[in-house]
Each structure stands twice: as structure tokens, then as C-alpha cells.
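K.L.:
Take this structure, written in C-alpha cells, and hold onto it; I'll ask about it next.
The values are calculated or read from the model by the stated rules, or taken from the named source; none is laboratory data. Please read all numbers here as calculations on a predicted model, not as lab measurements. All Cβ positions, glycine included, derive from the backbone under ideal geometry; neighbour counts span all protein chains shown.
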Amino acid sequence: MSRILELGPGAVSDVELVAALLAGTGRRERPEGVAARLLEDGLLRLRRMPVCELLGEARVRPVQAARLLAAVELGRRMMAAEQRERERFLAPDRIAARLWPLLADLAHEEFWAFLMTARMEEIRSVRIASGRLTQCVAFAHNHPSGDPTPSADDHRLQLMLDEAGRALGIRVVDHLVIAAGGFHSARTGAGEPPQLRAVA
């Protein structure tokens with residue numbers, strides 16, 4: 001740990017970096033030994049290692065596993081953040097480069113939506129499903145007018161969402177129109193504004 005502060009993180013080995021994440025958890029085995037075992041097949045294996053393997057085969061304690069997973073996820077997010085400077089995603093390779101750090105090394109399937117403005121600038125990336133695409137989703141949008149009555153375009157959108165969900169194996173359970181005057185559910189019809197709890 002002191003070498004990282006003294007020399008900087010770029011000057012120490014992979015084992016020392018991982019050992020720093022594992023230190024101070026009261027384990028009998030030295031953090032350096034655990035780190036060396038985790039890195040036997042290189043850093044890429046650590047990026048892809050599922051929780052069950054960390055806790056089982058690697059014999060890492062839950063608090064250590066949480067630290068490792070947090071560090072790996074922060075690394076993925078930092079890689080992705082470098083590309084968020086209002087870049088315009090005009091070609092598929094740009095979108096692929098943006099999503100690559102989030103998806104390429106996962107050991108399971110995930111389904112994401114990459115949301116963009118009309119100028120093809122990123123709004124955000126949203127994970128819709130993890131594992132098999134047998135999940136449910138509800139959509140919602142607002143009417144600034146205050147009237148939640150769905151328009152003809154809203155009805156057409158609902159049909160398209162249902163069709164897209166069926167094609168992807170995701171059940172669209174509802175599409176809400178939310179406005180100051182209430183809400184409208186594609187499944188149950190009009191509803192009154194909900195009684196919101198005051199935030200303390």
C-alpha cells in the first residue's frame with residue numbers, strides 16, 4: 001500500500017494493485033498470495049470472473065470480492081467516460097467503441113439500449129436485461145400540456161413497443177403517459193395523480 005503512495009499506482013505490479021484492494025480484511029492468507037492466485041491467468045480473467053468464482057474457487061471473502069468488483073466496474077466506467085464529451089455517434093463503430101468497455105468482457109449476456117438525441121449525441125446507456133431476455137419492462141413518457149390523454153401517435157407507439165418487445169422476448173407490461181392532471185395506462189386506462197410521499 002505504501003509503495004503505491006510512494007511510487008504512484010503506475011509504478012507497481014498488477015499483484016500489488018490487487019493486493020491493495022484485498023488488504024485489511026482480517027484474512028489469514030496474505031493479500032499478495034490471494035492476488036497472485038487471482039492473476040495466474042492475467043488481468044483479463046479477473047475482469048471476467050463471476051462473483052461465485054471469486055467466493056468459491058478463489059476463496060475470496062465477500063468484502064474483498066465487493067472491492068474487486070467495484071474496482072473493475074470503476075475501470076469500465078472510466079474507460080467509457082472518456083468518450084462522453086458530446087461525441088456524435090454517426091457510425092456503428094463509434095457506438096461499438098462506447099459500449100465495448102461495458103459489455104465485451106462479461107461472462108453473461110446483457111441487453112442494452114443506447115439512447116441518443118436527434119443529433120446522434122449520447123444521452124445515456126441503459127441496461128434493459130441481464131441474462132436471458134425473458135424479462136418485463138414498462139415505458140413512460142410525459143405530456144407537458146398537463147393532459148395525460150394519449151394521442152394517436154402515443155397509440156401507434158404502444159403498438160410498436162409491444163411488437164418490439166415480442167421480437168426481443170421482453171414483455172411490455174405497460175406504457176404510461178404521465179402529466180400534471182393524472183396519468184394514462186395503456187393497460188388500465190386513466191388514473192388520478194398519485195399521492196406522493198413528502199421527501200424528508
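K.L.:
Please work out which one of (1) at pLDDT 80 or above; (2) within 30 Å of G42 (Cα to Cα); (3) polar (S, T, N, Q) is the condition S145 fails and give its number.
P.N.:
Exception for S145: condition (2).
K.L.:
Scan segment 136-155 residue by residue and report those that are loosely packed, with under 15 Cβ neighbours inside 10 Å, assigned to a loop (DSSP other than H, G, I, E, B) and on the phi < 0 side of the Ramachandran plot.
P.N.:
P144, S145, D147, T149, S151, listed by residue number.
K.L.:
Could you tell me whether any residue of segment 98-111 is farther than 22 Å from R171 by Cβ and in contact with a Gly (Cβ under 9 Å, 6 or more places away or on another chain)?
P.N.:
The answer is yes, given that some residue of segment 98-111 is farther than 22 Å from R171 by Cβ and in contact with a Gly (Cβ under 9 Å, 6 or more places away or on another chain).
K.L.:
Scan V177, V173, V137 and give me the residue that is touching a Pro at 6+ places or on another chain (Cβ under 6 Å) and aliphatic (A, V, I, L, M).
P.N.:
Every option except V177 fails the conditions.
K.L.:
Suppose we keep only residues that are among the acidic types (D, E) and not in a loop (DSSP other than H, G, I, E, B) within segment 163-200. Which one would you say is modelled with the lowest pLDDT?
P.N.:
Only one residue fits best here, namely D174.
K.L.:
Within segment 156-180, track down each residue that is in contact (Cβ under 8 Å) with a residue 12 or more places away in the chain and either among the basic types (K, R) or exposed (fewer than 12 other Cβ atoms within 10 Å of the Cβ) (or both).
P.N.:
Once the filter is applied, which keeps residues that are in contact (Cβ under 8 Å) with a residue 12 or more places away in the chain and either among the basic types (K, R) or exposed (fewer than 12 other Cβ atoms within 10 Å of the Cβ) (or both), segment 156-180 yields only R171.
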